Amino acid sequence: MEADEVLPRTYTREELLRYLDHCRRTCQETIGALSTEQANRLCRFAWGELPFAELQLYSLRHVQEHGAQLRMFLGQQAGKSTRWEPQAQ
């Protein structure tokens with residue numbers, strides 16, 4: 001998003017939790033069905049190419065970075081810390 005851009009609407013807690021559940025299921029299904037051939041399949045982008053398995057690790061790290069940013073933002077705005085979740089529910 002750009003600095004002056006706004007979301008078209010505010011999503012409800014239930015919508016966000018459903019989306020999170022969908023993402024978790026999709027991730028588990030993708031990893032569960034991953035073959036060596038699929039893991040080594042090259043994914044090409046304008047900035048380069050990398051194997052599908054490496055792309056998944058890159059994406060995981062990217063999502064963790066955004067999670068940390070969100071946690072920091074919420075802590076700054078609400079003045080309280082969120083608790084650490086050691087394992088996905």
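Do we find that T30 is farther than 19 Å from S59 by Cβ and of a type in the set (S, T, Y) in this structure? When the stated conditions are applied, T30 does not pass them. Does L60 fit the bill of being closer than 25 Å to Q28 by Cβ and either modelled with pLDDT under 90 or surrounded by 10 or more Cβ atoms within 10 Å (Cβ to Cβ) (or both)? Yes, satisfied.
Quick check on the stretch 40-57. Is at least one of its residues among the small types (G, A, S) and part of a loop (DSSP other than H, G, I, E, B)? Explain how you work it out, then say what you get.
First, the residues of the stretch 40-57 that are among the small types (G, A, S): 46, 48, 53.
Adding the requirement that they be part of a loop (DSSP other than H, G, I, E, B) leaves 46.
Checked against the condition, which is being among the small types (G, A, S) and part of a loop (DSSP other than H, G, I, E, B), the stretch 40-57 yields at least one hit.
Quick one: in the stretch 1-39, which of the residues that are assigned to a helix (DSSP H, G or I) and β-branched (V, I, T) is farthest from E54 (Cα to Cα)?
T26
Scanning the stretch 1-40 for residues that are surrounded by 10 or more Cβ atoms within 10 Å (Cβ to Cβ) and either in contact with a strand residue (DSSP E or B) (Cβ under 7 Å, 6 or more places away or on another chain) or hydrophobic (A, V, I, L, M, F, W, C) (or both) turns up L16, L17, L20, C23, C27, I31, L34, A39, N40.
The values are calculated or read from the model by the stated rules, or taken from the named source; none is laboratory data. The structure presented is a predicted model; accordingly, all values stated were derived computationally and were not measured. Positions of Cβ are backbone-derived with ideal geometry, glycine not excepted, and every protein chain shown enters the neighbour counts.
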